[in-house]
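The values are calculated or read from the model by the stated rules, or taken from the named source; none is laboratory data. Just so you know, these numbers come straight off a predicted model, no measurement behind them. Positions of Cβ are backbone-derived with ideal geometry, glycine not excepted, and every protein chain shown enters the neighbour counts. Just so you know, the surface numbers come from the protein's heavy atoms only, side chains and all, with ligands and any DNA or RNA stripped out. Shrake-Rupley method; radii C 1.70, N 1.55, O 1.52, S 1.80 Å.
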Amino acid sequence: MLFKQQALLRQKLFVLGSLAIGSLLYLVARVGSLDRLQPLCPIDGRFGPRGQDEIQLRALQFKRGLLHEFRKGNATKEQIRLHNLVQQLPKAIIIGVRKGGTRALLEMLNLHPAVVKASQEIHFFDNDENYAKGIEWYRKKMPFSYPHQITIEKSPAYFITEEVPERIYKMNSSIKLLIIVREPTTRAISDYTQVLEGKERKNKTYYKFEKLAIDPNTCEVNTKYKAVRTSIYTKHLERWLKYFPVEQFHIVDGDRLITEPLPELQLVEKFLNLPPRISQYNLYFNATRGFYCLRFNIVFNKCLAGSKGRIHPEVDTSVITKLRKFFHPFNQKFYQITGRTFNWP
Ligand code: A3P
């Protein structure tokens, strides 16, 4: 009997010991990886002295946990009332451009404690059926937030859909509009790659990019091809400018957001009149993904889904040259209107 009890005790001690060693190893690995990327305690150094208008970050991060629960639907009406939570119409919208990096931009802005993202693309203004459901339907699609926070949604189809500027204007004529762009030819190929992947998944055949982008009869760029049309940024922007002054737009450099996200995000914070809160600590380069990923705190970090950052098919260089030449005058006009110049070829 005594022998059996001793054996049991030894077994328990062994399990507990293994758990302790495992946890220790995990912590060492974790701290080690953080150490390589960032100072261990960035919170102290990150912020200047607190002014009155500053947001209590720690309190907000705690509340964020609550918000997450509420968003999942795990909240009673009483809790929502108690925490003063509201579903607010967006104060800023990422209107496009498709494949410009709209998801990365939204997720990165969501690192800011005063920003709450609408996770799904809502397609309220570009989809007639949704639009017919009315503004209250749209508001109910928004996440819960505290009154001082701003809600941001993204639906890249807004940028290219004819009716959208007028509809958004009717909702809020002073709304802030974010447009993230990439070098137009790269964006068009990225657009093609996404559609191609969808076709492949359904076992459908699809043409090569070269065949779609170049009209075989004229050998000129095929402006009927949607991926090409979407990259003529100035054409779309001009429609928006009939409703909104240029100051209400902020152009984000999608190519730079990939390689050097922080300065781009800081420009957006400024545009949205938010105190600077996103820091290098929140962004770390993940060599396996080949992209920056997001770090909310010491335990919670995430990369974007695998569908972001696809490998593009190789495209004939003469087609690329032709496309770049085609986009060139439109790009010049885009720089002129927006006041933001890119080094696009
Ligand atoms: P590719 O798949 O062509 O590389 P959108 O979200 O508008 O669909 O844009 C997708 C693009 O976001 C991707 O295009 C990718 O290059 C870019 N992107 C920018 N930052 C990223 C990040 N941190 N992680 C993954 N993709 C990112």
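Structure above, values below:
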{"quantity": "Lys/Arg +1, Asp/Glu -1 at C-beta; segment 84-336 dipole; positive extreme among 149, 161, 207", "calculated": "207"}
{"quantity": "Extreme residue, positive dipole direction of segment 84-336, given options 330, 138, 198 (C-beta unit charges)", "calculated": "198"}
{"quantity": "Only Lys, Arg (+1) and Asp, Glu (-1) charged, at Cβ; segment 84-336 dipole about Cα centre in debye", "calculated": "320 debye"}
{"quantity": "Residue 343 paired with residue 170, simple spin-label distance in nm, labels 7 Å along Cα-to-beta-carbon", "calculated": "4.5 nm"}
{"quantity": "Solvent accessible area, Å² - residue 258, 1.4 Å probe, full protein context", "calculated": "60 Å²"}
{"quantity": "Stretch gain in nm, segment residue 224-residue 129, where the contour uses 0.36 nm per residue and the Cα spacing is subtracted", "calculated": "31.6 nm"}
{"quantity": "Segment 95-157: trypsin sites (Lys or Arg not before Pro) in DSSP loop, at most 14 other beta carbons within 10 Å", "calculated": "133"}
{"quantity": "Simple label model, 7 Å out from Cα along Cβ direction - residue 82 to residue 297, nm", "calculated": "2.0 nm"}
{"quantity": "Share antiparallel - DSSP beta bridges, segment 84-336, percent rounded to 5", "calculated": "40 percent"}
{"quantity": "Net charge contributed by nearby residues that have their C-beta within less than 14 Å of residue 247 (K/R +1, D/E -1)", "calculated": "+3"}
{"quantity": "Gain in span if fully extended, residue 239 to residue 260, counting 0.36 nm per residue against the direct Cα distance", "calculated": "4.5 nm"}
{"quantity": "Fraction of accessible area attributable to carbon and sulfur, segment 84-336 (%, probe 1.4 Å)", "calculated": "52 percent"}
